[in-house]
Protein chains: 2
Amino acid sequence: MKPIGILGGGQLARMLVLEAHRRGLPVAVLSPQASDPAATVTSNWIAGSPDREEDLIAFLKRCSAVTFESEFYLASLLEKASQATGTPVWPKPQTMDLLRDRLTQKRSFDKHKLPTSPWLAVETPADAKQAWEQVGKPAKGLVLKARTGGYDGYGTTIVKSESDLNEFIHDKLARAGSAGYIGEAFVPFKRELALLIARDQTGQIIEYPFVESLQKNSRCLWTLGPQNPASPKQRSQMSAMTKRLRAFLKSIDYVGVMGVEFFDLGQELLINEIAPRVHNSGHYTLSAMSFNQFAAHLFAVAGFALEKPKTPYSCFAMWNLLGSKAARPKLTPWQAGQSGVTKAGFTSEISWYGKHESRPGRKLGHVSVAGFAKGPAGKKACLELAKQIAAKSEKEIGY
Amino acid sequence: MKPIGILGGGQLARMLVLEAHRRGLPVAVLSPQASDPAATVTSNWIAGSPDREEDLIAFLKRCSAVTFESEFYLASLLEKASQATGTPVWPKPQTMDLLRDRLTQKRSFDKHKLPTSPWLAVETPADAKQAWEQVGKPAKGLVLKARTGGYDGYGTTIVKSESDLNEFIHDKLARAGSAGYIGEAFVPFKRELALLIARDQTGQIIEYPFVESLQKNSRCLWTLGPQNPASPKQRSQMSAMTKRLRAFLKSIDYVGVMGVEFFDLGQELLINEIAPRVHNSGHYTLSAMSFNQFAAHLFAVAGFALEKPKTPYSCFAMWNLLGSKAARPKLTPWQAGQSGVTKAGFTSEISWYGKHESRPGRKLGHVSVAGFAKGPAGKKACLELAKQIAAKSEKEIGY
């Protein structure tokens, strides 16, 4: 069988490749640099750019099916290469387009009755003013997000006043080019939640548990789960949400893992955004679930049926190891895995992504902790242990 | 940092490489074929033979430390290459020699008061007859094992009578060359046990639980654990054994994981054999323990401290997926991971080694099952589930 192709060489691609190896599934990677995190963990790395047509066509010819680690590749090129070679791409490139552009993403939410914060498209200064009046003012804040290319907080501006608005119009909107922004109401959420949902080629859908996630400087710092419904009301909110998401996946013939982020307002659950790929909020599945998100994505792309994920644990936490400075960390990062920070009833491990240079905010690895302690106290202890290990790791290695 | 080098490209090397990737540890592999199981899972594969001096020297120069997946490489060459390059090899090549030759292995057992079955060296027909009289007859059987190169039952002959003995002398001993055999008493064991023990460069030692193992056609078919002591007597047998093993590792300055196989006679625990490497009987640690044998071996070789392995499970089983015929199995082996054979309270997974051809007895992968059911019933259910998954896998894939 020809390999499953993965476009991109970062940590998401790396974790897909490692899972494929464990499962005996042949894979190939297309990425620019031989030192890319995913390029070093396979003999089947192909040098090239997922945004260059000739590279794509040559790569797709080698593969039985192709997927991607980022929705920011050029969907139209990918679609063209898929048609030229007959190699399917999952999720479909049209889906990438739908979800990589915040405007079409918001429109999809509305079309599929997926609840989201009120919003308006913002292309001109007049649009911006209208968005502030209609959406921002009532909510005491307007969040302006670049339609495309926004990621980990890049391209997001929060406007709290008319003077903020004018600054945005003069500094950013003028430079936005044709892509433009969306302006959405600032949402006073109690917490953020995330959920993985996956669909295979026969239409079967699986979901993972809801987890809480905390963003710091617009980057995921940690996730904590499972966040089971705390009340009948929340139960019905969550179950209505997953029902709608299932219908959404079905209607766009989605294949693969999708990461969904939510604002939990207490009284209401709103979708913040959706990513058509494996997701940082799901890294905990590697250690805590019987069937992790990378396996689920590969199975879906390869055309196999999804398994229902199970967990032996009552709590699990993931803490991102983020760079705090420009550095070449001491190349002994796995030492941190044995920092001596342990706790009875909990297991922990560190995954590293094979990156040799650190920069502020760069994702270098993550800590996973899982345990058997029940209830809020168990989850709190889980997260605290993950935090301690992450802190010790940063201190010892220096990144 | 220069990579940790691994000599050999089979499944043990592959699992070491995958664990290294997960931990961000740089590795390199020296093996003959680009299609070797370990060669396909890294960009740092070097073509060559671990038994050719120039290949070894070139490889050791690239590495910070080197280890091996097989004790059957030429220890003297390896020692020479280590001295020529200054790159340490762990476990030490002398240890390979000590343990790859059953004669020196048995002598080590005696020297270190490690209990083993009575034995004599067998080089000549007269030796064979003496071994039969002194060792074989009283035990109602003599097991003749080639001093070197024996593996998975190759090179082993069981002699139950004088006519068996004569057949052995004429058919096999005559062809043995200078290496010769050892003859050991046939041991009427109740079951076989196995244990992983590991030592790091600071001298710290960790042990994994005892597991039961079953051999079929001289190949490991399954392991099942943990085999905690069933009585105070067995507790003292086991603890005396691990104490002696610890002393043994210390006295030979052993570094890395060692796999130890035992005969459990009920009244007594005897060492069957020892392998100076990661071991098939320890594959369960990949899914069932917080710190698996591959991580332990890499940490020891890299010069880091060992962690104490923990398990969240009360039972765990491993079932080898062995070829039953010459075949090129359908290249969708991971499908078997979703055979639909599941059981509440148990998790299961299949690891495949990326081999594209099957032969009778060839190790193609393994099934891991772990669960929370307690006591003998839990272990029985665990093993039964592993067996069912293995059977379904073989049937569906055809190997």
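The values are calculated or read from the model by the stated rules, or taken from the named source; none is laboratory data. Values in this document were obtained by computation on a predicted structure and should not be read as measured data. Cβ coordinates were reconstructed from backbone atoms using ideal geometry, including for glycine residues, and neighbour counts include every protein chain displayed. Protein only, heavy atoms only, side chains kept; ligands, DNA and RNA dropped before computing areas. Shrake-Rupley method; radii C 1.70, N 1.55, O 1.52, S 1.80 Å.
Quick rundown of the values:
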quantity	calculated
For region B:165-291, with +1 on Lys and Arg beta carbons and -1 on Asp and Glu, the positive-most of B:PHE168, B:ALA247, B:GLY259 along the dipole	B:ALA247
Whole-angstrom gap from region B:109-147 to region B:1-19, using each part's C-alpha centre	36 Å
Overall Cα dimensions of region A:227-347 - principal axes, largest extent first, Å	48, 38, 33
Coil-residue trypsin sites (Lys or Arg not before Pro) of region B:343-382, DSSP, other Cβ within 10 Å capped at 13	B:LYS374
Cysteines, the protein assembly as shown, no other Cys beta-carbon under 4.7 Å	A:CYS63, A:CYS220, B:CYS63, B:CYS220
Compactness of region B:212-276 - radius of gyration and Dmax, Cα, Å	13.0, 34
Once the Cα gyration tensor of region A:8-104 is diagonalised, semi-axes √(5λ) in Å	21, 15, 13
Sparse-neighbour loop sites [trypsin sites (Lys or Arg not before Pro); region A:122-229; at most 16 other C-beta within 10 Å; DSSP]	A:LYS140, A:LYS160, A:LYS172, A:LYS190
Nm distances between copies for B:SER49, ranked from closest, using label points 7 Å along Cα→Cβ	4.6
Chain B, helix-only ellipticity at 222 nm - DSSP H runs n ≥ 4, -39,500 (n - 2.57), divided by all residues, nearest 500	-9500 deg cm²/dmol
Region B:75-131 - convex hull of alpha carbons, volume per residue in Å³	89 Å³
Gyration tensor verdict on chain A (Cα atoms; rounded if a/c is under 1.5, prolate if a/b is larger than b/c, oblate otherwise)	rounded
Region A:270-399: C-alpha gyration tensor shape, a/c 1.5 cut-off, then a/b vs b/c	oblate
Per residue, in Å², the accessible surface of the protein assembly as shown once ligands and nucleic acids are set aside, probe 1.4 Å	39 Å²
Cα centre as origin, Lys/Arg/Asp/Glu Cβ charges: region A:242-384 dipole, Debye	220 debye
Accessible surface ranking that places the most exposed of A:SER324, A:SER213 first, with a 1.4 angstrom probe	A:SER324, A:SER213
Cα gyration tensor shape for region B:60-162, rounded if a/c is under 1.5, else prolate or oblate	prolate
Shortest-first distances to equivalent copies, position B:LYS392, nm, label 7 Å out along Cβ	4.0
q = 0.15, 0.18 Å⁻¹, region A:87-229: log10 I(q)/I(0) [Debye, one scatterer per Cα]	-0.89, -1.17
Calculated log₁₀ intensity ratio I(q)/I(0) where the Debye formula runs over C-alpha points of the protein assembly as shown, q = 0.05, 0.06, 0.11 Å⁻¹	-0.29, -0.42, -1.25
Label geometry 7 Å along the beta-carbon vector: A:SER76 inter-copy distances in nm	7.0
Phi-based couplings in Hz for region B:182-199 (Karplus 6.51, -1.76, 1.60; Gly and Pro marked x)	10, x, 10, 4, 5, 10, x, 6, 7, 6, 9, 10, 9, 8, 9, 9, 9, 9
Whole-percent carbon and sulfur share, accessible surface of the protein assembly as shown, 1.4 Å	51 percent
Over region A:260-327, volume per residue of the alpha carbon convex hull, in Å³	171 Å³
